[in-house]
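Structure, as structure tokens:
The values are calculated or read from the model by the stated rules, or taken from the named source; none is laboratory data. Nothing here was measured: the structure is a model prediction, and the numbers come from that model. Cβ atoms come from the backbone with ideal geometry, glycine included; neighbour counts cover every protein chain shown. Please note that ligands, DNA and RNA were not included when accessible areas were found on the heavy atoms of the full protein model with its side chains. Shrake-Rupley method; radii C 1.70, N 1.55, O 1.52, S 1.80 Å.
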Amino acid sequence: MTTGKYTYSGSGVDVLRNDDFTDHIKNIIRVPDWVLKEPTGYATILNFTTPKIVLTADGVGSKLLLHIKYGRWSDAAQDLIAMNYNDIVCVGGKPRAFVDYLGIHHIDRQHYEFIEALVRKLDEYDMALVAGETAEIPSIYTENDWDVAGFCIGTLEKRIPVETIEYGDFIIGLPASGFHSNGWSLIRKIIESENINLEELPFDLLAGTKIYKEAIDVFGLVKGIAHVTGGGILRALRRVLGNKGYEISISLKPYVEWILKYIEIPEALKTFNMGYGMLLIASESEVESVLKITNGEVIGRVSENTNLVVQ
């Protein structure tokens with residue numbers, strides 16, 4: 001085994017190609033005047049109700065293949081909820097209702113078990129499954145594989161004022177529960193190519209994505225919130241800081257140390273969360289309050305320069 005021989009693009013996922021497609025969509029759509037401008041792009045704020053509505057959609061990705069293989073329905077449900085929930089809170093929304101879409105070959109027991117787990121998890125986070133669609137499409141989905149997407153609606157509690165972020169503000173990292181639900185085409189390729197037994201790892205590789213419910217309690221204390229998802233920690237920083245730089249130092253968690261046996265650090269930074277599933281930006285006067293509420297840790301500051309140190 002040679003360190004750094006695996007890349008995300010080598011596993012079949014091209015992040016730049018995805019960016020190009022996203023840019024194309026932005027160029028061809030007309031945004032109505034009842035959509036509020038939100039620069040981070042984590043969720044859409046609709047301004048035709050009181051309170052305002054926040055909307056987003058996401059899925060589990062190819063991690064679902066491993067959840068199916070190992071019957072990890074509770075973790076799969078948590079991944080689906082979290083990828084939507086955490087995006088909604090980034091813009092100051094409180095998630096309320098959830099809608100799901102299941103695309104399958106045919107309905108069997110595992111889908112009953114997944115939906116039951118989804119309803120239980122939603123209840124834990126004060127949400128409700130209010131509608132959904134199950135589509136049996138054997139001409140598209142194989143007999144053993146299926147996919148699920150989630151659609152989340154929330155109410156805007158307080159718009160997060162990212163435009164007020166200043167040099168010197170603190171960057172707080174909220175610990176992740178693992179790789180969450182991004183980069184799994186690469187992780188699965190490593191597992192397969194290196195013949196890795198998941199049960200022999202010193203951590204739970206399939207742990208569900210942490211749902212950052214506590215972020216709602218700091219809406220009035222922070223200037224920015226970034227959910228670390230596709231594109232890793234580097235993209236999350238760009239989304240919340242815009243053209244501003246950062247000075248950051250992060251200490252590696254066991255699961256990150258493990259992945260670095262197979263990929264280079266630059267590849268990891270643009271693919272994975274590096275141990276932090278959510279980033280908060282706060283002024284010096286609010287840092288201690290934010291840390292107390294969220295159990296986060298200061299990992300750096302907003303800066304005119306850009307430097308990220310991995311310890």
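Looking at VAL99, is it within 22 Å of ILE140 (Cβ to Cβ), assigned to a strand (DSSP E or B), modelled with pLDDT of 95 or more and β-branched (Val, Ile, Thr)?
In short, yes.
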### Task
Please state which one of VAL287, VAL256 is touching a residue at least 24 places away in the same chain (Cβ under 8 Å) and open to solvent by less than 20 Å² (accessible area, probe 1.4 Å).
VAL287
### Task
Go through the range 5-41 residue by residue and tally those that are open to solvent by less than 80 Å² (accessible area, probe 1.4 Å), modelled with pLDDT of 90 or more and touching a Leu at 6+ places or on another chain (Cβ under 8 Å).
2
### Message
All but one of (1) among the aliphatic types (A, V, I, L, M); (2) closer than 30 Å to LEU221 by Cα; (3) in contact with a strand residue (DSSP E or B) (Cβ under 6 Å, 6 or more places away or on another chain) hold for VAL119; state the number of the condition that does not hold.
### Response
(2)
### Query
What is the one condition in (1) over 26 Å from ASP204 (Cα atoms); (2) under 20 Å from the mean Cα position of the chain (by Cα); (3) among the aliphatic types (A, V, I, L, M) that ILE250 does not satisfy?
(1)
### Query
Which members of the range 42-65 meet the condition of being assigned to a helix (DSSP H, G or I) and open to solvent by 20 Å² or more (accessible area, probe 1.4 Å)?
LEU65
### Message
among the hydroxyl-bearing types (Ser, Thr, Tyr) and surrounded by fewer than 18 Cβ atoms within 10 Å (Cβ to Cβ): which single residue out of SER185, SER193 fits that description?
### Response
SER193
### Query
Could you give every pair whose Cβ atoms fall below 9 Å, whose first residue belongs to the range 134-152 and is in contact (Cβ under 8 Å) with a residue 60 or more places away in the chain, and whose second residue is aliphatic (A, V, I, L, M) and in a loop (DSSP other than H, G, I, E, B), counting only separations of at least 6 or pairs across chains?
ASP147/VAL60; VAL148/VAL60; ALA149/VAL60; GLY150/VAL60; CYS152/ALA43; CYS152/MET127
### Query
If you go through the range 38-73 one residue at a time, how many are free of Cβ contacts under 8 Å to residues at least 40 places away in the same chain and either in contact with a His (Cβ under 8 Å, 6 or more places away or on another chain) or hydroxyl-bearing (Ser, Thr, Tyr) (or both)?
3
### Task
Go through the range 290-311 and give me each residue that's touching a helix residue (DSSP H, G or I) at 6+ places or on another chain (Cβ under 9 Å), part of a loop (DSSP other than H, G, I, E, B) and open to solvent by 70 Å² or more (accessible area, probe 1.4 Å).
ASN295
### Summary
Given the conditions (1) open to solvent by less than 30 Å² (accessible area, probe 1.4 Å); (2) aliphatic (A, V, I, L, M); (3) free of Cβ contacts under 8 Å to residues at least 60 places away in the same chain, every one holds for VAL119 apart from (1)
### Message
Of everything in the range 213-229, what is within 15 Å of the chain's Cα centre (by Cα) and buried (at least 19 other Cβ atoms within 10 Å of the Cβ)? Give them in sequence order.
### Response
ALA215, ILE225, ALA226, HIS227, VAL228, THR229
